[in-house]
Amino acid sequence: MLLHDTALIYGRYLRQSLRSRFALLFGVLMPLLYLLFFGPLLTGLPLGGPGSSWQLLVPGLLLQLGLFGASFAGFTIIIEKGQGVVERMRVTPVSRLALLLGRVLRDATLFVFQAVLLVLAALVMGLRAPLPGVLIGFAFVALLTVSLAALSYALAMRMETPQTFGPTINALTLPSMLLSGLMLPMTLGPAWLDVLSHLTPFRYLVDAVRDAYVGAYATAHMLYGVVVAVGFAVLAVTVGTRVFRTAGA
C-alpha cells in the first residue's frame, strides 16, 4: 500500500516537472556559473588537501545544488495549499508518509539528474575523478535532497505565504553554505571557524564527497558523512510525515 501510494504521488509530481523542462535545466545554472567563473581561479592554488582544485570544488557544488534547490521545494506546498490541492489529498486514504515520500523522491530524482549534468560539464573543464567516487557523490546529493526537501515541505505546511517562507529559508541556507565549506575547505580558515563549521551537518557531507572524489573511501570523513546523511534523512522524513499528519488538524 505504501509503495503503491508513494509511486502514485511520485509519478504525478514527476510528470509535472518534466512538463517544465526549462525550470529543470535552470536549476543547475547557479552551480554551473560557479564552475565556469570560479573554478578556473582555483587552478594551481594550494588548497590544503589531496587532489586537484576541481576535485575540491565540484563536490561542494553538487551539495550546493541540493542545499539550495531542496530547501526551496516547500514553495510548491504553499501554492497547493492556496489552491486546495493539499486538503483534497489529505482527505483521501493515501498514506501521509506517501504524500511526503512521493514529493521528496521526485525532488531527489531531479537534483541527481542536474548533478549528472554538472559533473559532465566539470569533466569537460578538467575534472578527473574515479567513477565510484562520482556515484557516491550522487548518492549524497540524493540523501541531502530527501532531508532538506522533507523539512522544507514541513516548514511550508506551517506557513501561509511565500513572503514569510522565502526569507526564513534564506536565513537558514546562507549560513549553512558559508560554514560547510562548499566553496573552499574550512581548514584554510582560522581554527575557530573550522571548529564552528563542525556544528553544521553539511560539513560532514562535503568532506565525505571530497574524499570519494580522490578515491579515498575507507576514511573517517566517509564514515561520519554516511552516518550524518542517513540519520539526517531519517529524522527529516519523520518530522515531515508528522507535520503532514497534524497540520491543519
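The values are calculated or read from the model by the stated rules, or taken from the named source; none is laboratory data. Predicted, not measured: the structure shown is a model, and the values here were computed from it. With ideal geometry, Cβ positions are generated from the backbone for all residues, glycine too; neighbour counts draw on all protein chains shown. Each accessible area value is taken on the protein alone, full model and side chains, heavy atoms only, with ligands, DNA and RNA left out. Shrake-Rupley method; radii C 1.70, N 1.55, O 1.52, S 1.80 Å.
Within segment 21-57, track down each residue that is over 30 Å from H221 (Cβ atoms) and at pLDDT 75 or above.
none
The rows are residues; the columns are (1) open to solvent by 10 Å² or more (accessible area, probe 1.4 Å); (2) assigned to a loop (DSSP other than H, G, I, E, B); (3) under 14 Å from F244 (Cβ atoms).
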position: L63; (1), (2), (3): no, no, no
position: I77; (1), (2), (3): no, no, yes
position: K81; (1), (2), (3): yes, no, yes
position: T92; (1), (2), (3): yes, yes, yes
position: V104; (1), (2), (3): no, no, yes
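Taking the options V104, V124, V134, name whichever one is without any contact (Cβ under 8 Å) to a residue 40 or more places away in the chain and out of contact with any Asp or Glu (no Cβ under 8 Å at 6 or more places or on another chain).
After applying the criteria, what remains is V124.
Based on this model, can you work out whether G215 counts as in contact with a helix residue (DSSP H, G or I) (Cβ under 8 Å, 6 or more places away or on another chain) and assigned to a helix (DSSP H, G or I)?
The answer is no for G215.
Within segment 106-201, which helices (runs of 4 or more DSSP H) (wholly inside it) include 3 or more residues that are closer than 24 Å to R242 by Cα and open to solvent by 40 Å² or more (accessible area, probe 1.4 Å)?
So the answer is 131-157, 162-180.
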